[in-house]
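Notes follow the structure.
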Amino acid sequence: MGGTSRGSTRSRASKSSTENSPIRKPNQMLRKDKTRDRSLIRIFSVNIKFLLGFGIIAFGISLFFINSLIKPMEKPQKPRVITPLPAPKLMDLPMFQGDHRESLYWGTYRPQVYFGVRARTPQSLVAGLMWLGVKNGRYFMRHVCQDSDELKQYGWTSHNGRDYGHQFLIEQKMTLTTHFLKSKDRGSGYGGDWAVRIGVQSDESMSDEEMLNTAHLFFYVADESGKGLTLGSGVSDIHGDSILASGSRSDIGNWQLHLFSEDVSGVHYSGFKTPHIHNLSDVVQANLAVQARKFGHLLLSDLSDDSPNILVFQISARIPLKADIVLLSGTSARDSRVEERASRLKGTSLTSLLSEKQNEFDNKFKKSFSLSDELGLDPVTVGKAALGNMLGGIGYFFGQSKISLPSTSTLNAGDNSVLYWPAELYTAVPSRPFFPRGFLWDEGFHQLLIWRWDIYISLDIIGHWLDLMNIDGWIPRELILGAEALSKVPEEFVLQHPTNGNPPTLFLTLRDLISKLKKEKFAATEARDISVFLDRAFVRLEAWFKWFNTTQAGKERGSYYWHGRDTSTTRELNPKTLSSGLDDYPRASHPNGDERHVDLRCWMHLAADSMHSIAELLKMDKDIQQEYSLTAKLLSDFEVLNQMHLDAANGAYCDYGNHTEKVQLTWKIVETDPKRELLRQVLEKPVLQLVPHLGYVSLFPFILRLIPPDSWILESQLEFISNRSILWTDFGLRSLSKTSSMYMKRNTEHDPPYWRGPIWIPLNYLIVSSLHHYSQESGPYRERAKTIYNELRSNLIRNIVGNYKRTGYLWEQYDQKKGKGKGARLFTGWTATVLLIMAEAYPEV
């Protein structure tokens with residue numbers, strides 16, 4: 001409005017002055033005419049310039065459009081970070097096609113739910129189980145694994161990773177069991193058929209209260225592609241017709257879902273048309289709530305959306321209850337034998353098949369791990385649960401990771417991220433309720449267990465991870481693929497940073513496989529396939545190694561440091577090193593390029609030595625063998641290692657960097673936002689020095705067996721391990737010495753100590769492994785190593801088994817004071833390596 005008013009005033013003033021001007025004299029008129037002539041000349045001159053400029057612009061625009069028609073506009077170049085490595089995929093190897101792929105097509109590949117089935121394909125047909133639990137006189141829906149449900153115990157007590165599993169789920173007064181079985185029979189479609197037996201038992205002391213004596217189960221089937229499902233006639237007469245649902249897919253052909261139960265008199269249902277399967281429990285609860293308000297009962301509505309892609313079936317009956325649910329594929333084939341196949345997967349026939357599979361599992365477990373009778377029965381039970389949960393927790397995921405762009409990128413204005421290419425991942429997971437997705441450094445520990453059970457499942461998983469490598473040789477450290485996986489991840493952890501690595505623990509497994517190959521521990525076919533796998537994988541492993549060797553290299557030759565630490569933090573007592581996998585383990589107080597991390601140097605030695613071993617095994621070019629041999633020799637050079645990382649005064653290995661011990665967290669009033677905050681305060685200028693924190697990182701040269709068996713430094717390492725004032729406890733080795741200034745210190749107001757004291761099983765496993773190694777080596781410290789080995793192994797087994805008996809779970813970590821499990825429970829990722837400790841099955845590093 002202001003601009004308009006000023007313009008209007010100016011126009012009025014011009015008009016008014018003309019109307020009130022006096023009559024001009026002739027000479028004035030003459031001068032005015034002459035002025036008008038000169039103005040016309042100037043205007044004409046300006047018009048020529050304008051026309052000339054306009055013509056040039058028009059000509060340029062014309063040329064642009066002509067050029068666009070002749071030569072289509074080039075697309076902007078794809079960022080390197082989301083460009084796949086141009087190398088043959090491991091998943092395209094023949095060993096992962098044909099029978100292998102079909103045999104692993106269906107599985108319990110939804111670890112984030114208490115029971116779920118899906119196929120190893122994007123847009124799969126999926127199925128799952130929900131039920132109503134009772135707590136304090138109220139119903140609560142159970143579906144997604146979460147600690148807030150407060151189940152007394154749950155998890156697979158046995159699972160073979162392929163076609164069989166048995167799981168307990170113990171509520172307050174009710175126990176559910178799920179048995180899963182796959183069958184490939186004549187007439188079935190791709191991947192075969194599967195069945196799940198659901199059993200519900202009650203506590204003998206249960207009262208007569210109706211809520212506690214009736215089970216409400218909800219079994220669902222959903223098509224992720226959105227394709228419509230057909231409701232079966234079994235919903236109205238379950239004893240007349242067993243079919244609950246049917247449909248058709250390009251992968252498995254026509255299919256049918258059947259229910260068989262003598263304990264169920266009727267079924268209720270609801271059908272939904274929605275792409276959001278990950279929040280299905282909310283949808284079902286909303287349906288039940290409407291029914292409860294309208295009619296006063298907890299029964300599904302018996303209504304369906306048009307062409308629903310999700311069908312949910314409510315099975316409510318008195319406890320005890322048993323129901324067999326069967327999915328048959330390829331039902332439209334001429335010789336599909338539907339009734340015969342269905343009959344085989346229900347009732348006494350299913351009972352017999354399940355018993356047979358359980359016996360096979362028990363026998364294979366005994367053969368694979370050969371646990372000593374001296375351990376007793378309890379460790380065997382825990383060992384089976386550790387393995388069963390590891391295999392039962394294997395998941396299949398599909399989607400796109402969210403990747404951070406470099407700060408210099410102009411690709412996405414206003415957004416600092418870009419999506420990785422659409423990818424699939426078949427992987428074990430650390431914890432079903434807390435971390436039901438792939439973690440790169442955890443996976444190396446997982447595979448140390450899995451390859452001993454099923455070498456082809458292990459190679460399949462490793463291959464999936466390596467196929468996720470980009471053109472630079474980087475692999476995301478955490479894979480969050482698909483809506484179900486994303487729903488369990490806080491927003492701040494979704495973005496993956498391509499400058500940051502993660503310990504290359506897959507080399508632990510690969511090095512182990514190479515050692516066993518050389519010792520001829522595999523059957524001929526397995527040995528051939530492992531060699532073929534390594535040959536195809538070499539180009540990817542080489543790119544991975546070179547990514548580490550360039551992006552994580554330090555200033556000194558043969559030095560490395562983990563990138564990604566916050567150099568400007570005002571809230572962290574010690575900036576975290578998430579890329580190391582050890583999160584808040586204390587490093588140099590002031591991160592910069594001068595840092596040298598002893599654990600990463602040791603990981604790089606393992607990687608170089610493994611690459612040399614692979615090249616040697618495959619008889620590759622001598623130059624390639626020599627390149628990795630020289631790198632491995634440099635990184636194992638004891639004198640260089642000691643020069644860079646040894647505190648000679650006490651025989652301890654340390655990080656090096658810009659450091660001061662005089663750092664603390666102090667409550668301060670923030671002026672811009674008047675409230676108290678716990679902020680970092682530096683009381684002394686940092687200097688370049690060895691970082692004086694003893695703990696797991698200090699033991700990495702010991703773990704990777706870089707210390708000669710006759711060195712005095714080995715004696716010092718054994719002292720650190722066995723000293724109660726440093727690392728030793730009666731329950732395992734604590735992660736950080738009691739003498740450290742950071743011992744059990746919070747890192748921020750909201751971050752309690754994580755790797756600053758508690759006992760972690762994977763690192764204890766590696767330390768036990770090296771104690772076992774040095775107890776076999778000739779030298780002055782052999783007997784000392786043996787004594788410590790036996791006692792530490794015994795302490796770990798006793799504490800983990802004892803916790804399992806008391807709580808029903810394996811835990812993320814264990815308290816260093818009382819040995820109590822803490823952190824995430826049902827942590828049957830790397831904590832499951834306790835089975836390898838029991839079996840004395842250690843990696844060759």
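The values are calculated or read from the model by the stated rules, or taken from the named source; none is laboratory data. The model shown is predicted, which means the values in this text are computed figures rather than measured ones. Here Cβ is always computed from backbone atoms with ideal geometry, including for glycine, and neighbour counts include all displayed protein chains. Accessible surface is based on the protein model in full, side chains and every heavy atom, while ligands, DNA and RNA are left aside. Shrake-Rupley method; radii C 1.70, N 1.55, O 1.52, S 1.80 Å.
Here Pro498, Pro490, Pro503 are screened, and the one residue that is in contact with a Gly (Cβ under 9 Å, 6 or more places away or on another chain) and either surrounded by 22 or more Cβ atoms within 10 Å (Cβ to Cβ) or not hydroxyl-bearing (Ser, Thr, Tyr) (or both) is Pro503. When segment 689-729 is examined, which residues are found to be part of a strand (DSSP E or B) and closer than 16 Å to Trp760 by Cβ? Of everything in segment 689-729, just one residue is part of a strand (DSSP E or B) and closer than 16 Å to Trp760 by Cβ, namely Gly695. Screening segment 228-238 for residues that are modelled with pLDDT of 95 or more and either among the aliphatic types (A, V, I, L, M) or under 32 Å from the mean Cα position of the chain (by Cα) (or both) and picking the one that is most open to solvent (accessible area, probe 1.4 Å) gives Leu231. When residues in segment 674-688 are screened for being at pLDDT 95 or above and not in a strand (DSSP E or B), 4 of them pass.
From the list Gly823, Gly802, Gly779, which one is assigned to a helix (DSSP H, G or I) and open to solvent by less than 70 Å² (accessible area, probe 1.4 Å)?
Working: Gly823 fails: assigned to a helix (DSSP H, G or I); Gly779 fails: assigned to a helix (DSSP H, G or I).
The match here is Gly802.
Among the residues of segment 90-104, what is the count of those that are open to solvent by 10 Å² or more (accessible area, probe 1.4 Å) and within 21 Å of the chain's Cα centre (by Cα)? Summing the residues that are open to solvent by 10 Å² or more (accessible area, probe 1.4 Å) and within 21 Å of the chain's Cα centre (by Cα) in segment 90-104 gives 1. Within segment 740-788, being within 25 Å of the chain's Cα centre (by Cα) and without any contact (Cβ under 8 Å) to a residue 12 or more places away in the chain holds for His750, Pro752.
How many residues does segment 318-348 hold that are part of a helix (DSSP H, G or I) and surrounded by 14 or more Cβ atoms within 10 Å (Cβ to Cβ)? Lay out the reasoning, then the answer.
Taking segment 318-348 as the starting set, the residues that turn out to be part of a helix (DSSP H, G or I) are 338-344, 347-348.
Narrowing further to those that are surrounded by 14 or more Cβ atoms within 10 Å (Cβ to Cβ): 338, 341-344, 347.
Total meeting the criteria: 6.
Every test in (1) open to solvent by 50 Å² or more (accessible area, probe 1.4 Å); (2) farther than 30 Å from Ile480 by Cβ; (3) at pLDDT below 95; (4) not charged (D, E, K, R) is passed by Leu375 save one, and that test is (1). Comparison of Asp282, Asp241 shows that the only residue that is more than 34 Å from the chain's Cα centre (by Cα), in the same structural domain as Asp163 (by the TED database) and not polar (S, T, N, Q) is Asp241.
Taken as a whole, the structure leaves Ser148 outside the set of residues that are in a loop (DSSP other than H, G, I, E, B) and at pLDDT below 95. So, in segment 413-457, of the ones that are surrounded by 23 or more Cβ atoms within 10 Å (Cβ to Cβ) and among the polar types (S, T, N, Q), which residue ends up nearest to Phe96 (Cα to Cα)? Filtering first and then ranking leaves Thr427.
Selection over segment 165-187 of residues that are assigned to a strand (DSSP E or B) and over 25 Å from Lys805 (Cβ atoms) gives a count of 4.
The single condition among (1) open to solvent by less than 10 Å² (accessible area, probe 1.4 Å); (2) touching a strand residue (DSSP E or B) at 6+ places or on another chain (Cβ under 8 Å) that Phe397 does not satisfy is (1).
Restricting segment 117-136 to residues that are in contact (Cβ under 8 Å) with a residue 12 or more places away in the chain and open to solvent by 50 Å² or more (accessible area, probe 1.4 Å), the residue that is farthest from Ser246 (Cα to Cα) is Lys135.
Of the strands (runs of 3 or more DSSP E) entirely within segment 206-301, those holding at least 2 residues that are more than 26 Å from Gln112 (Cβ to Cβ) occupy 243-249, 253-260. Among the residues making up segment 512-535, those that are buried (at least 20 other Cβ atoms within 10 Å of the Cβ) and either assigned by the TED database to the domain that holds Pro94 or of a type in the set (D, E, K, R) (or both) are Asp512, Leu513, Ile514, Asp529.
Counting only residues that are outside any strand (DSSP E or B) and without any contact (Cβ under 8 Å) to a residue 12 or more places away in the chain, how many does segment 654-673 have?
Initially, segment 654-673 is screened for residues outside any strand (DSSP E or B), giving 654-655, 660-662, 670-673.
From what's left, without any contact (Cβ under 8 Å) to a residue 12 or more places away in the chain: 670-673.
Of the residues in that region, 4 qualify.
Can you tell me which residue among Leu646, Leu733, Leu727 is crowded, with 20+ Cβ neighbours inside 10 Å, among the aliphatic types (A, V, I, L, M), within 22 Å of Leu792 (Cα to Cα) and touching a residue at least 40 places away in the same chain (Cβ under 8 Å)? So that I can check it myself, show each step before the final result.
Values: Leu646 fails: within 22 Å of Leu792 (Cα to Cα); Leu727 fails: touching a residue at least 40 places away in the same chain (Cβ under 8 Å).
Residue meeting the stated conditions: Leu733.
When you check His659 against the structure, is it within 36 Å of the chain's Cα centre (by Cα), surrounded by 21 or more Cβ atoms within 10 Å (Cβ to Cβ) and over 29 Å from Asp609 (Cβ atoms), yes or no? It is true that His659 is within 36 Å of the chain's Cα centre (by Cα), surrounded by 21 or more Cβ atoms within 10 Å (Cβ to Cβ) and over 29 Å from Asp609 (Cβ atoms).
Considering Ser202, Ser225, the condition of being open to solvent by 40 Å² or more (accessible area, probe 1.4 Å), under 26 Å from the mean Cα position of the chain (by Cα) and farther than 17 Å from Ile325 by Cβ is satisfied by Ser225 alone.
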